[in-house]
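Right, one structure below, let's go through it.
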Amino acid sequence: MNQKRFRRLYREEGLQVRKRAGRKRALGLGAPLALPSRPNERWSLDFVSDTLTDGRRFRALAIVDDCTRECLALVADTSLSGARVARELDAIIAVRGKPTTCVSDNGTELTSMAILTWSKGTGIDWHYIQPGKPQQNAFVESFNGRLRDECLNETAFSSLTEARAVLAAWRDDYNRVRPHSALANRTPGEFCNHHLALAATTGNGQNPNPGLSL
């Protein structure tokens, strides 16, 4: 009984175990996205990770409005599932209104059934960038670069509570205090208010919450 005969008999008797198929993953479309022209037209999401002083790792979910450059959320925790991401998005929508599109990479949390179900249920289009091409999600990637250079790399966090407090303060400074050259030297909050006031004046109905800035 050699190995080939053994395998043939095993196969003929139907004894082989079916190989488990890999989980289906969302693939990027490859089509370039047009630059957004108004608040809430497109939000981009990504994760950034860091380590506490005791060696424990944590992650932060960043959500950015690609038009105004506002950081809509900066959520830090040791674990951030797809269901948690959906809850955070719902919390922002309750205050700000729905985006037209969300953009992300193909990370496990962002391609989970929780996110796919959320996208279908809310009617919000979810665009996945192509694997290995973070430049297709340039707005949140640029934000994460600033976050890491100016905050994460400069601060030793002793606890998750401290990390959350520091990130919240940095986000507030980023949105409300710091002018951006790409926004005509206005802060993201000022730029958002300008767009919303303009929308209210022209009556185009694009923004459900005029005057709102996070």
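What to note about this one:
- Taking each residue as 0.36 nm, the span from Glu12 to Ser81 lengthens on full extension beyond its C-alpha to C-alpha distance by 20.5 nm.
- Per DSSP, loop chymotrypsin sites (Phe, Trp or Tyr not before Pro) in segment 158-191 with at most 14 further Cβ within 10 Å: none
Every number in this text was worked out from the coordinates using simple rules, so none of it is lab data. Every value quoted in this text rests on a predicted model; they were computed, and no experiment measured them. Cβ coordinates were reconstructed from backbone atoms using ideal geometry, including for glycine residues, and neighbour counts include every protein chain displayed.
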